[in-house]
Amino acid sequence: MRTTSRTERRRSWALVVLLATQLMVILDGTIVNVALPTIRDDLGFSAAGLAWVVNGFFVAFALLLLPSGRLGDLVGSRRVFAAGLAVFTAATVAAGLATGPAMLVVARVTQGVGGALTSAVVLGMIAGLYADEAGRARAFALVAFVGSAGASIGVVAGGLLTELASWRWVFWVNVPIGLAVLLAAYAVLDETPDVPGLRRGLARSRAVVPRTLLTSPAFLLPNVVLFTMTVAGFSFQFLTALYLQDSLGLDALHTGLAYLPVTLAIAVTSLGVSTRLAARFGPQRVLVAGLLLFLAGMLLMATLPDHGSFAVHVAPGFVVMGAGFGLAMPQVTALAMAAAPSRDAGAASGFVNTTQQAGGVVGLAVVATVAASQGRASGFLVAAAALATGAVVAAHLGLAAGRRRGPDAERCSATPVRTPTLERC
C-alpha cells in the first residue's frame, strides 16, 4: 500500500511538471503580444521587424516539432525534454536582456527551438504515465484546460506586467518556473525504458514520422479532427479579439479578461464532464457532441452585431464554444495518442502538436483573408465549415468503433483499451 501511494505521488508530480512546461510555452506564445508596441518603441523595431518577435518563435517551434518528437524516441524523452527546457529558459533570460532588435529576435528563435524540443515529447510522456485509459483521459483533460487557461492568462499577464513593471518581465516571469521545473524533472520523470534493439531499430529508420502512424486511420483521423478544431480555435481568437477591441472598444487588458467565460466553460467540461461522459457513452460520441457545441458557438459568433453588448451578444457564444471545446479536446487527443504504439510515442506526440500548429497557421491565413474581403461573419462561417467537416470525420470514427464492437458491444467497456490500432473490448 505504501509503495502504491508513493508511486501515485510520483506520477502526480510528474504530471504537474509536464503541465507546468506546457503552460510556460503557451504563456510565452501569448504574453508578448500585448507588449509589442512598448518593445517597438524601446528597441527601435521597424513595422516588418516587429512581426518577427512573434514569428521567430512560432516558425522555429513549428519546424522542429516533428524531428524533436522522433528524437525523443531515439535518445529518450526525458533527455530531450530536459535539454529543450534548459534551452528555452536560457533563451528567455536572453530575451529579457535584449538591447536591440537582432538580439531579441535571435532569443525568440532560440526559445522556439527549446519549446519545440520540450513540447514535442510531452503528450507521449503523459500517455506513458497511465496504463489505464480513464487516467490518461483525465490527464489530457488537464492538458486541454492548461492550453485554454494559459492563453487567457498570457493576455492578462502581458498587459499587467507591461503596465506595472516593464516589457522585459513578460519574458522573465517564466525564468523561475523554468528553473524549478528543470530541477523537478530529474527527480520525478522517468526515462523511457531502453528495450534491447528497439532504439537501434529506430535509428536505422530515417523517417521522421514512422510508417505505422502514417498508415493508421486510427491515428490519422483524430488528427484530421484536431486540425479542424485548431483552424476554428485560432480563427475564433483572432476574430473575437478584433471585435472586442474595434467594435466594443475594450483595451488589451479587458480583452484578456473577456475570455474568462471561455476558460471557465472549458474548465468545467474538460475537467468535470468529458471523461465521465466518455466512460459512459464512449469517446467518439463525446467528441461529436463537443464538436457540435463548438460549431454552435461559432455560428453564434457569426451573428455578432457591429454595436453589440458583451453580456447579451458575446458571452453566450463564448460559453457554448468553450463547453464544446472542453468536451472534445481531451477525447480527440486521447484517441490519437491511444492509436500510437508506445515505441512511437515521441513521434506521435510531435505529430499531434504539429497538427495543432498547422491548423492554427492555415486557419489564420484563410480566415483572416476571408474576413478582410468578405467581412467578419464570413470568416466565422469558414471556421464553422471546418468544424462541420471535423464532426463528420468524428462521426465516422464512432461508426467504425461500433462496427468493430459488433453485437456484443454491451459487454464491452465504453472506454477503449490502448492498442496500436484504435480500440477493442
*Among what's in region 65-88 and is β-branched (V, I, T) and at pLDDT below 95, pick the residue that is nearest to N174 (Cα to Cα).*
V80
*Being open to solvent by less than 30 Å² (accessible area, probe 1.4 Å) and touching a residue at least 60 places away in the same chain (Cβ under 8 Å) narrows it down to one of A394, A388, so name that one.*
A394
_Residue satisfying condition, being open to solvent by 40 Å² or more (accessible area, probe 1.4 Å), closer than 24 Å to S270 by Cβ, modelled with pLDDT under 85 and of a type outside the set (F, W, Y), within set I177, I153_ = I153
*Determine, yes or no, whether F318 is in a helix (DSSP H, G or I), within 26 Å of L244 (Cα to Cα) and within 17 Å of the chain's Cα centre (by Cα).*
no
*Pair list, Cβ < 6 Å and 6+ apart or interchain, from region 170-187 residues that are more than 13 Å from A91 (Cβ to Cβ) to residues that are among the polar types (S, T, N, Q) and open to solvent by less than 10 Å² (accessible area, probe 1.4 Å)*: V181/T21
*asked:* Which pairs turn up if I take residues in region 8-21 that are over 18 Å from G115 (Cα atoms) and at pLDDT below 90 and look for partners that are surrounded by fewer than 20 Cβ atoms within 10 Å (Cβ to Cβ) and not aliphatic (A, V, I, L, M) with beta carbon separation below 9 Å, at least 6 apart in sequence or on another chain?
replied: R10/D190; R11/Y130; R11/G135
*Within region 86-98, can one find any residue that is hydrophobic (A, V, I, L, M, F, W, C), more than 21 Å from G178 (Cα to Cα) and either without any contact (Cβ under 8 Å) to a residue 24 or more places away in the chain or open to solvent by less than 40 Å² (accessible area, probe 1.4 Å) (or both)?*
no
_All helices (runs of 4 or more DSSP H) inside region 235-297 with 1 or more residues being basic (K, R)_ = 274-281
*For region 298-312, indicate whether the set of residues that are over 20 Å from A139 (Cα atoms), touching a Leu at 6+ places or on another chain (Cβ under 6 Å) and in a loop (DSSP other than H, G, I, E, B) is non-empty.*
yes
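The values are calculated or read from the model by the stated rules, or taken from the named source; none is laboratory data. Computed from a prediction, not measured in an experiment: that's the story for all the values here. Here the Cβ is made from the backbone with ideal geometry for all residues, glycine too, and neighbour counts use every protein chain on show. For the accessible areas, the whole protein counts, side chains as well, though only heavy atoms, and no ligand, DNA or RNA atoms are used. Shrake-Rupley method; radii C 1.70, N 1.55, O 1.52, S 1.80 Å.
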